[in-house]
Structures are given as C-alpha cells and as structure tokens.
Amino acid sequence: MPTFKPLILKHQQKEDGTFNVKIRITHNRESKYIATGLYIKGKQVTSNFEIKDRSVIKKAEEDIDNYWEIIKRLPDVSGLNVSELLDVLEKEKKKTQKIEMDFVKFSRDHIEELKLKKGEKYAASFNTTINSLCDFFGRSKVLISEITTKNLTSYVNYLKSERTIIRNNQFKKPVTTTHPGMGNGAQTYLTNIRTLFNAARFKYNDEDEGIILIPHYPFRKYKLEKKKLAKKRNVKPSIIKQIIGFTEEKKTRATFGRDVFMISFYMLGTNLIDLYEADTMEQGRIMYNRSKTEGRREDSAFISIKIESELLPLLEQYKDKKKKRVFCFYQMYSTSENFIKAVNIGLKKVANSLGLPELTTYYARHSWATIARNNCAIPKEDITLALNHIDTKHRVTDSYLETDWHIIDNANRKVLGLFRPKLTPEEVDVINDNFFENHPDIYLNLDEVLN
C-alpha cells in the first residue's frame, strides 16, 4: 500500500524565501511528489528542514486523507507503479474538486474568442453585460460560485430599477450617468450570462469522465422570463409628416435628431448602430449586416436596401467624404453609443416642439412597420423581411429560397409614397450634380420623383 508524507524540498526554496509544501507518495518502492497550495517560510521549518508548523501539517494531512478516501473506492492498486497510481489519484480528485474561478476574467477571455469567431458586433453585447454585472457587485472580480439563483434575482431587480453608472469617456475621464430601469433588456442580459456560464461549464466539466469542477447550475431554478411584447413606439403618418416638416433657423441638435430619424425611416427603420457602421454602398443600394443578430444567423443578418429619392438629400448632407463608411456619423461621435445618445437628445427637443409625449430612435422602426401593415396592407412576411427579422415559421423553406430584395423595395416605396415630396426638375438636377457624379447608377428617375 502507498504511504504519504508532507515535506519540503531544501533545494526548491523560492526567491522570496518560501518553500512549497509537497506530499511525497511512495508506492512499490518508488516515490513521487505532489505540489500543494501551501507555502511556508524558514521560521516554520526546523534546522533539519522538517515542517514544524502544526497548522500547515494539519492542512496537508487533510489532502492526504482525501487521497486515502479515493484509494478506498478503487480496486486493487498494488499492480500499479507510483506514476500510474498518481495519475489515477489526480483524475479521481478532479471528479470531486470545485474551482473558485473568476467569472469576469473567464468571460472577458471568452468574449475575445467570440470576437474572432462571430465578430465584434456580436461580442459587444456580452461586454456590456459583464460591465453591468461588475456594476451590480461593485467590483471587477466575481467568483463563479457567486452566480447563484439568489444573486441573479437581485441582479434583475437592479437592472429594472434606475441606476447610476460611471464610465470613462474617450478622454479616459470618468463620467457619471443615470440610466432608467430596463424592460426586456434585462432578460437579454440574463441570457448572455447563461451563455457565458454554459461556456465555463463546457470548458471545465467533463461529464464523460465524471469531472465536474463547476457543479452548481443556477439556471435550473432561475427561469428566464418570457419577453413581454415590446412597448408600442409608433406614431401615425400625420406625425411623421410633422417630423419631416420640422425646422429651426439654425442647425441644432434637434434638426440633427430629426435628420437621423428620417434616414432610419427611409431605410426601413434601420437601427442607428447599423447607420453608424454601414460601410457598403453600390449599385444604388446600401448593404450591411444587422449588428444585433449578425453572429446568430447563418446569413449573417445581411440586408440590401434601395436608396430611395427621399433619402438622397440626407445622404448628400451626411455622406462620408473619406468613403470608409456610408455616413459620416463615426467622425462626429467616437462610439455608436454616443451617436445614439445625441440623436435621442435631439429627438426629445423635437417631441417637445411638436407636443409629443415621447420620440426616440425606436419610433422610426416601429412606425415604418406599423404604417406598412396598417396603411399600406403589406403582408407581415414582407415586413419581417424588411425589418431583417428571422421568420421562424418558414425557416426551413427560407433555406431553399434566394432573397428577392425587390420585395422590400416595393414595400418601402409604398410606405414612402404616403410622404412623397414633390421635387422640381431643378431640384433633381442639384441632387444629381452634388452627390451622384460618382454614382451614375443612383441617378434619379424623373418620372418617379415628379409624378
């Protein structure tokens, strides 16, 4: 039978003067050494380099007792050499060993892997979630054992209440902002945490070998809430006409907000983060992959939108002269978050001027969809395509079909036709001369914009 003894090795003293406590295992006249997590200094050692600190010996003996418990459960080990026995002991030990892993550090490392596999847009949501988790705990290190049902419940309550957040701006200076309570977004954060937690279990647990380093799973008890129907954030066509006609004497944050709102509306309610990042314009179309779902779809959430005549003046005004992206918004604001915040500030002023209770960037998307259905009788399937949503009902069928973008072109033309501005031939010439000398494929069709 094997024997165990805690000891230190004289020749393995570290630079700081400490020794790592080893456990020597002797079996069939061979010995091996097992490193422990214990370290002692010279004053805890006798002149013969024996451990004299009883508390250290006691902790080492607890490890030895664990090894004996494993041996009792094993069949006859007498035929194993010491190396083989040590391998068996370490493998069996892992089956009952827990790890106190820093969940935040693991998550950030995993997010870097997601960036490489699925792109930065997909990974960004997970970074935001982990930042909020650190805000909730008030520290940058959170052990995986702290991801419990109780803490998840408290975390959701935290997200749903007004909270103050401190972040560094582009100049590395801390900025304090107040955020209102979340709605469905809270469940999105929980879904992200569950994804990261599952990734940790996949990495550290091996059910086939019986190795369970992360034994608990809080999502067995904590059930994610079903998302509630989104708040209706749409306005009637009459209000859209008022927004189109909104003017101020000078260029202000309000007129900028109005402009971006209408760009989004003219582009099928495109999300602002996609306006900020869109980088492809060719053959009279703007093309991009929707940030929100790009990493979760086989088609990378690609969409191609025809440039309609209503969009042309705004496209001219906010074009990227460097031609790196479609719009120059990335030059005006360092991040998409700052861009969206600025637009919403402007829209709040527009709402006040027009006597509206609320107006945000979401209204452009919701209003386009509602007007398309209720005022233009466009089929829901076509609206789903225009909004770049997944049609779960026809997922299999869609895998056989090539997307026909003319479907959403026709839908958008019907919606925008309700607000069609009447351009004079002279106005058409100005637009063509100013912007489309390098894009002859987007020249306006006079019959389209004058009739």
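What follows draws every value from the coordinates through simple rules; no lab data is involved. Computed from a prediction, not measured in an experiment: that's the story for all the values here. No Cβ is skipped: glycine too gets one built from the backbone with ideal geometry, and neighbour counts run over all protein chains shown.
Would you please give the FRET efficiency between THR26 and THR46, computed as 1/(1 + (r/R0)^6) with r the Cβ-Cβ distance and R0 = 25 Å, to the nearest 0.05?
On the way: r = 21 Å, r/R0 = 0.86.
Rounded to the nearest 0.05, the efficiency is 0.70.
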Please state the Cα pair-distance histogram of region 3-96 with 5 angstrom bins from zero: what percent is in each bin? 2, 12, 23, 22, 16, 12, 8, 3, 0
Lys and Arg at +1, Asp and Glu at -1: add these up for the other residues within a Cβ distance under 11 Å of VAL45 and post the number. +2
From the cross-link list LYS160/LYS203; LYS32/LYS59; LYS250/LYS319, the entries with a Cα-Cα span beyond 22 Å are LYS160/LYS203
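Tell me, in nm to one decimal, what length is gained between THR148 and GLU62 on full extension, where the rule is 0.36 nm per residue of separation less the Cα-Cα distance? Walk me through the numbers before you get to the answer.
Details: separation 86, 0.36 × 86 = 30.96 nm, distance 2.82 nm.
This chain segment gains 28.1 nm when fully extended.
So which chymotrypsin sites (Phe, Trp or Tyr not before Pro) in region 1-110 are both in a DSSP loop and have at most 15 other Cβ atoms within 10 Å of their Cβ?
Listed in order of number, the matching sites are PHE49.
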For a paramagnetic label modelled at 7 Å from the Cα of ARG54 toward its Cβ, which residues of region 19-39 fall within the zone defined by backbone nitrogen distances under 20 Å? 39
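List the GluC sites (Glu not before Pro) within region 61-135 that fall in a DSSP loop (any state other than H, G, I, E or B) and whose Cβ has at most 13 other Cβ atoms within 10 Å. Don't skip to the end; give the middle numbers.
On the way: sites: GLU61, GLU62, GLU69, GLU84, GLU90, GLU92, GLU100, GLU112, GLU113, GLU120; in loops: GLU100.
Passing both the DSSP loop test and the Cβ count: GLU100.
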In whole Hz and in residue order, list the ³J(HN,Hα) couplings for region 151-165 that follow from phi through the Karplus curve 6.51 cos²θ - 1.76 cosθ + 1.60, θ = phi - 60°; x for Gly and Pro. 5, 5, 4, 5, 5, 5, 4, 4, 5, 7, 10, 5, 9, 9, 10
Let me understand region 103-220 better: what is its radius of gyration from the alpha carbons, and its Dmax, in angstrom? 15.3, 50
Potential lengthening between ASP206 and SER78 on full extension [0.36 nm per residue; Cα-Cα distance subtracted]: 43.3 nm
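At a Förster distance of 30 Å, what's the computed FRET efficiency of TYR39 paired with LYS141, Cβ-Cβ distance as r, to 0.05? Walk me through the numbers before you get to the answer.
Values: r = 22 Å, r/R0 = 0.73.
So the FRET efficiency works out to roughly 0.85.
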Collect residues whose amide H, placed 1.01 Å from N in the peptide plane, falls under 5 Å from the amide H of VAL45; neighbours closer than 5 in sequence don't count. LYS52
Can you figure out the FRET efficiency of GLU337 with LYS10, using R₀ = 60 Å and their beta-carbon distance, to the nearest 0.05? 0.55
With each pseudo-label sitting 7 Å past Cα toward Cβ, what's the HIS406-PHE171 distance in nm, one decimal? 5.4 nm
Simple spin-label estimate for LEU116/GLN242, 7 Å along Cα→Cβ, in nm, reads 5.4 nm
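Out of region 1-94, which trypsin sites (Lys or Arg not before Pro) are coil in DSSP terms and have no more than 10 other C-beta atoms within 10 Å?
Working: sites: LYS10, LYS14, LYS22, ARG24, ARG29, LYS32, LYS41, LYS43, LYS52, ARG54, LYS58, LYS59, LYS72, ARG73, LYS91, LYS93, LYS94; in loops: LYS14, ARG29, LYS41, LYS52.
Answer by residue number: LYS14, ARG29.
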